[in-house]
1. What tally of residues in the stretch 72-114 results from selecting those that are free of Cβ contacts under 8 Å to residues at least 24 places away in the same chain and more than 22 Å from Arg140 (Cβ to Cβ)?
2. Exactly one condition in (1) surrounded by 12 or more Cβ atoms within 10 Å (Cβ to Cβ); (2) assigned by TED's automatic domain parsing to the domain that holds Ser19 is not met by Thr89; state its number.
3. Go through the stretch 107-126 and count every residue that is closer than 18 Å to Gln56 by Cβ and either assigned by TED's automatic domain parsing to the domain that holds Asp10 or at pLDDT 90 or above (or both).
4. Being in contact with a helix residue (DSSP H, G or I) (Cβ under 6 Å, 6 or more places away or on another chain) and either surrounded by 13 or more Cβ atoms within 10 Å (Cβ to Cβ) or farther than 25 Å from Tyr23 by Cα (or both) narrows it down to one of Ala72, Ala123, Ala133, so name that one.
5. Would it be correct to say that Arg140 is modelled with pLDDT under 90 and not assigned by TED's automatic domain parsing to the domain that holds Ile55?
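The values are calculated or read from the model by the stated rules, or taken from the named source; none is laboratory data. This one's a predicted model, so the numbers in the text were calculated from it and none came from an experiment. Because the Cβ atoms are built from the backbone with ideal geometry, glycine has one as well, and the counts that use them run over all protein chains shown.
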Amino acid sequence: MIEFCGSKRDHDLSFGVLSVMSYHKSLKRRQISTPYTLGPSDGQIDFTKETYTRIQYLPRLESSRRGNGFHAVTHQRHDRRGTYSAIPTLSINNILPFGSLVFTLVEQGRMTEFLEMLRSGKASLRDHDEYGASLLFVSRLLNYQ
């Protein structure tokens, strides 16, 4: 049986939006004895719970503080033997307006001009648009259209 609950709250700041999202997923299943089972499996209930938390900040592009946004994620797994915590991640990305030149070049497959923007420092592989799309995401869209 899988149980899922979560919540997301957006906090509208004058210079951007701070989003906090958290969800919990629980999985309960009965252990079945097999010749391949490691450890005791006497039909007891195995319980696993995962907690996922994400905090994201996206600046308003019309704000004087525009530029960088961030994305922080933690993921924990709990079971009857204890808690296992993955290493949290933090990403800081340059946020550009939707339709910026670097995204247009990638979308159109104009790699020579894109590479020149990277070399000159006018673009970064960490660039995202105001909706959170990365350059890799935009490039993958080409294969699905």
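1. Going through the stretch 72-114 one residue at a time, the tally reaches 11.
2. It fails just one condition, (1).
3. Total meeting the criteria: 0.
4. Testing whether each residue is in contact with a helix residue (DSSP H, G or I) (Cβ under 6 Å, 6 or more places away or on another chain) and either surrounded by 13 or more Cβ atoms within 10 Å (Cβ to Cβ) or farther than 25 Å from Tyr23 by Cα (or both) leaves just Ala123.
5. Here the answer is yes, as Arg140 does meet what is asked.
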